[in-house]
Amino acid sequence: MSVQSDIRRLTAPDIRARKGGEPIVCLTSYHAHTARIVDAHCDVILVGDSLGMVMHGLETTLPVTLEMMVLQGHAVMRGSKRALVVVDMPFGSYESSKEQAFTSAARVLKETGCGAIKLEGGRRMAETIRFLVERGVPVMAHVGLTPQSINTIGSFRAQGREESDWARIEDDALAVSEAGAFSLVIEAVAEPLARKLTEAVPIPTIGIGASAACDGQVLVLEDMLGLSPRVPKFVKRYGDLGPGIEKAVAGYAAEVRARTFPAPEHTYPMKAKKS
Ligand code: KIV
């Protein structure tokens, strides 16, 4: 008996082949129910380490652990069928050596079943990316604003708004692409630089705050749904779920206090007695 699903999941090579083609649609998801919804519309689901802020109320992504990523990555795999699921490598799980990166990435692939990992950093991560790819780990790279470097960059500000910064960021993009990354997230960079990077690299660029010049786009799901209290300038809110949830919770609380919930239709009757 085959245990294969009828729906073929997109792979890293499928996404790599979309360079310059139809835009790649990506959103984050951290759990099974949202993954199911996102999966119906997106090519890639990113289990981002932004889950530290969104799910756990952390100020930065730095405290996020490999265990958290594995747990949520597995949930997203269970909730999805078609999209390529990419799981973020959290801070401290891959930077100290290429061997450390392989051990962590192998654990993520084995324990979640996801199709690729993402890591932050440009030229400094190129050797690690090559090592991972040669050993069967598809890597999505991430340049521009890299939130895991918050303590060295000082703030979450846009990058490449002065031309003097461009050479460094372009060098980062070329280095990760030459090392074998299958796609490249570009976060919070000025539009002309995003365009230049997209033209310069042979792999698809996925922008977040990096203009429509990129080959695809990603947003944090809760940001675009209107659930996050503060969002960066580049987020467009496609929904306003906060007030809807508030209304539902207030309605429930009022009915529990008034003893009108549960009503008879939400209550189990006794079985009829056998005569
Ligand atoms: O962690 C995340 O959600 C990300 C995206 C913002 C690209 O890395």
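Every number in this text was worked out from the coordinates using simple rules, so none of it is lab data. Just so it is clear, the model here is predicted, and its values are computed rather than measured. With ideal geometry, Cβ positions are generated from the backbone for all residues, glycine too; neighbour counts draw on all protein chains shown.
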- Note on the structure: Taking the convex hull of the alpha-carbon atoms of the range 1-148 and averaging its shadow over every direction gives an area in square nanometres of 9.5 nm²
- Query: By counting other Cβ atoms within 10 Å of each Cβ, how are HIS74, HIS266 ranked from fewest to most?
  - Reply: HIS266, HIS74
- Message: Give me, ordered by chain and number, the residues 5 or more places off GLN159 or on other chains with an amide H under 5 Å from its own placed amide H.
- Response: LEU145, VAL189, ALA190
- Item | Semi-axes of the equivalent ellipsoid for the range 1-84, Cα gyration tensor, largest first, Å | 24, 17, 11
- Note on the structure: The residues SER96, SER149, sorted from fewest to most surrounding Cβ atoms within 10 Å, come out as SER96, SER149
- Separation of the range 129-165 and the range 168-234 by C-alpha centroid, Å? 10 Å
- Kirkwood Rh in Å, taken over all unlike Cα pairs in the range 153-275: 18.5 Å
- Task: Work through the residues other than VAL201 whose Cβ is under 14 Å from its Cβ and net out their charges, Lys, Arg +1 and Asp, Glu -1.
- Result: 0
- Message: Restricting to lysines 8 or more places apart or on different chains, can you count the pairs in the chain with Cα atoms under 19 Å from each other?
- Response: 6
- Query: Can you give the % of DSSP beta bridges in the chain that are antiparallel, to the nearest 5?
  - Reply: 5 percent
- Message: Below 12 angstrom from the Cβ of GLU120, what's the summed charge of the other residues (Lys, Arg +1; Asp, Glu -1)?
- Response: -3
- Task: Please compute P(r) over all alpha-carbon pairs of the chain, binned at 5 Å starting from zero, and give each bin as a whole-number percent.
- Result: 1, 6, 12, 16, 18, 16, 11, 6, 4, 3, 3, 2, 1, 1, 0, 0, 0, 0
- Once the dipole of the range 37-174 is set up from charges on Cβ (+1 Lys and Arg, -1 Asp and Glu), the residue from the list THR152, MET77, ILE117 lying farthest towards its positive end is MET77
- Item | Positive-end extreme of charge dipole, the range 220-275 - chosen from LEU225, HIS266, VAL249 (charges on Cβ) | HIS266
- Within the chain, what is the longest stretch that has no GluC sites (Glu not before Pro) placed in a DSSP loop and near at most 13 other beta-carbon atoms within 10 Å? 163-275
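Among VAL44, VAL249, which comes first, then next, by fewest other beta-carbon atoms within 10 Å?
VAL249, VAL44
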- Query: Size of the dipole of the chain about the Cα centre, Lys and Arg at +1 and Asp and Glu at -1 on the beta carbon, nothing else charged, in debye to 20?
  - Reply: 1240 debye
